[in-house]
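Student: Here it is, the structure in full.
The values are calculated or read from the model by the stated rules, or taken from the named source; none is laboratory data. No experiment lies behind these values; they were computed from the predicted model shown. Methodologically, a virtual Cβ is constructed for each residue, glycine included, from the backbone with ideal geometry; neighbour enumeration extends over all protein chains shown. Ligands, DNA and RNA are excluded from the accessible area calculation, which covers all protein heavy atoms including side chains. Shrake-Rupley method; radii C 1.70, N 1.55, O 1.52, S 1.80 Å.
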Amino acid sequence: MFRRLLCYVEAGETGLDELEGLLDLASQLRCRVIVLAVIAPEGKKLTKKETQARETLEDRSWKFLYEIEDIAFEREIKISLMLEEGDVEDTIAAVVKSYNVDLCSTFSYKSIHAGSLLAKLSTVPLLFFNKEGP
Amino acid sequence: MIRISEAICEKGIILDLKTHEKIGVIKELVSLMVNLGLVADEETFCSDILKRENLESTGIGLGVAIPHARTAATHDLLLAFGRSTQGVDFNSLDGKPSHLIFLIAAPEEKKSHYIMALARLSKMLRKEDMRAGLSKATSAQEVIDILKRAE
């Protein structure tokens, strides 16, 4: 039923332990997981400090993605990693559309407004993982 | 801190890969490391890399692929680079062939170095000027210089 599951993650916000739910679901659905991290686009007038902060975030995001990949590999889950630049909700919607994603999920409540993202996702369901339960 | 330019050597670079399919390319890059005496068991090494390829698309898009594995067949972090003008299908999500292929492997006990190297390389290769430089490099030393400048 679901062939491609997209999961938006934020390095520093999403914990590796929180991913268990996602990996369990991917394992049960036997689908490919696309793990996506999004960073702000490179501005033209960034200060040295801002550039450095951006570089650090990109480093951390890639590191987090590869840590997730390593765990998924141990569980024999098919996985692809993506790091994109742009507005979070717009980027999620673009990836969903471009890569024929059937189910979209996230752990992050910080950068996402559920209503606005759902509107952008059209008919693709959005799943919020909540470590603490409903 | 891991420096990509220090983890790779001239003999670990092929500017014109002979093969144009994924398994052949991986074997070509692995043979470089074997010739350098860095791989204890070629069969295990190849099998660990290919096992990951079966589950993951190590093509990260933008014409880049980073096949990788943690393997007991080596004692250190290993890095090789191959370039293909024709391009190789690494099952990238964007569906485009990979022209710049970096192979990374490390033993279990160097997991943090391995993750760091993968992250650093992925970040470097997102930059267009970096990819253009590697595509045009005319020697293995130039590849290393480009990596050095980017770090």
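Student: Taking A:V124 as meeting all but one of (1) of a type outside the set (G, A, S); (2) open to solvent by 40 Å² or more (accessible area, probe 1.4 Å); (3) outside any helix (DSSP H, G or I); (4) touching a strand residue (DSSP E or B) at 6+ places or on another chain (Cβ under 7 Å), write down the number of the exception.
Tutor: Single failed check for A:V124: (2).
Student: Just one of the numbered conditions (1) among the small types (G, A, S); (2) open to solvent by less than 50 Å² (accessible area, probe 1.4 Å); (3) under 27 Å from A:I77 (Cβ atoms) is not true of B:G12; which one?
Tutor: (3) is the only condition that B:G12 fails.
Student: Give the residue, chosen from B:G59, B:G37, that is within 14 Å of chain A (Cβ to nearest Cβ) and out of contact with any helix residue (DSSP H, G or I) (no Cβ under 8 Å at 6 or more places or on another chain).
Tutor: B:G59
Student: Being open to solvent by 60 Å² or more (accessible area, probe 1.4 Å) and either on the phi < 0 side of the Ramachandran plot or within 13 Å of the chain's Cα centre (by Cα) (or both) narrows it down to one residue among A:T51, A:T56; which is it?
Tutor: A:T56
Student: Does region A:70-119 hold any residues that are within 13 Å of the chain's Cα centre (by Cα), in a loop (DSSP other than H, G, I, E, B) and within 12 Å of another protein chain (Cβ to nearest Cβ), and which are they?
Tutor: A:V101
Student: Would you pick out the residues in region A:21-31 that are surrounded by 14 or more Cβ atoms within 10 Å (Cβ to Cβ) and either farther than 20 Å from A:S61 by Cβ or among the small types (G, A, S) (or both)?
Tutor: Within region A:21-31, A:G21, A:L25, A:A26, A:S27, A:L29, A:C31 qualify.
Student: The conditions are (1) open to solvent by 60 Å² or more (accessible area, probe 1.4 Å); (2) more than 14 Å from chain A (Cβ to nearest Cβ); (3) farther than 23 Å from B:H20 by Cβ, and B:E108 fails exactly one of them. Which is it?
Tutor: Among (1) open to solvent by 60 Å² or more (accessible area, probe 1.4 Å); (2) more than 14 Å from chain A (Cβ to nearest Cβ); (3) farther than 23 Å from B:H20 by Cβ, the lone unmet condition for B:E108 is (2).
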